[in-house]
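**Student:** I'd like to ask you about the structure that follows.
The values are calculated or read from the model by the stated rules, or taken from the named source; none is laboratory data. Note that the coordinates shown come from a computational prediction; the quantities given were computed from them, not determined experimentally. Please note: Cβ atoms are built from the backbone with ideal geometry, for glycine as well, and neighbour counts cover all protein chains shown.
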Amino acid sequence: MSDQHRLSPGDIAPEFTLPDSEGNKVSLSDYRGRRVVVYFYPAAGTPGCTKQACDFTGDLGLFDNAGFAVLGISPDTTAKLAKFR
């Protein structure tokens with residue numbers, strides 16, 4: 001990734017729309033007015049990605065109480081993500 005596309009903490013992320021694990025479209029703009037943590041993982045069900053997702057899941061209440069939404073993004077199919085969930 002070139003530096004001209006790299007974001008730094010606090011930068012405004014570009015708009016995106018992607019399917020969730022149930023096939024529903026989710027856009028970053030759906031969370032307008034909230035702070036959003038976006039994390040990327042390469043494959044659902046792998047040890048590192050599962051631990052990362054579980055760490056976020058275990059703390060979702062803390063994030064929500066602090067006004068944050070948490071979005072995980074993976075290149076996996078919706079079917080694979082539904083099993084991972």
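**Student:** Which one is modelled with the lowest pLDDT, of the residues in segment 1-24 that are within 13 Å of the chain's Cα centre (by Cα) and not in a loop (DSSP other than H, G, I, E, B)?
**Tutor:** Pro19
**Student:** Test Asp55 against the criterion of being modelled with pLDDT of 85 or more, within 14 Å of the chain's Cα centre (by Cα), surrounded by fewer than 13 Cβ atoms within 10 Å (Cβ to Cβ) and part of a helix (DSSP H, G or I), and give yes or no.
**Tutor:** no
**Student:** Kindly indicate the residue of segment 25-43 that is over 20 Å from Thr78 (Cβ atoms) and in a strand (DSSP E or B) and also farthest from the chain's Cα centre (by Cα) among those meeting that condition.
**Tutor:** So, considering only residues that are over 20 Å from Thr78 (Cβ atoms) and in a strand (DSSP E or B), the one farthest from the chain's Cα centre (by Cα) is Arg35.
**Student:** Of a type outside the set (Ser, Thr, Tyr) and either modelled with pLDDT of 90 or more or touching a strand residue (DSSP E or B) at 6+ places or on another chain (Cβ under 8 Å) (or both): which single residue out of Leu81, Leu71 fits that description?
**Tutor:** On inspection, the qualifying residue turns out to be Leu71.
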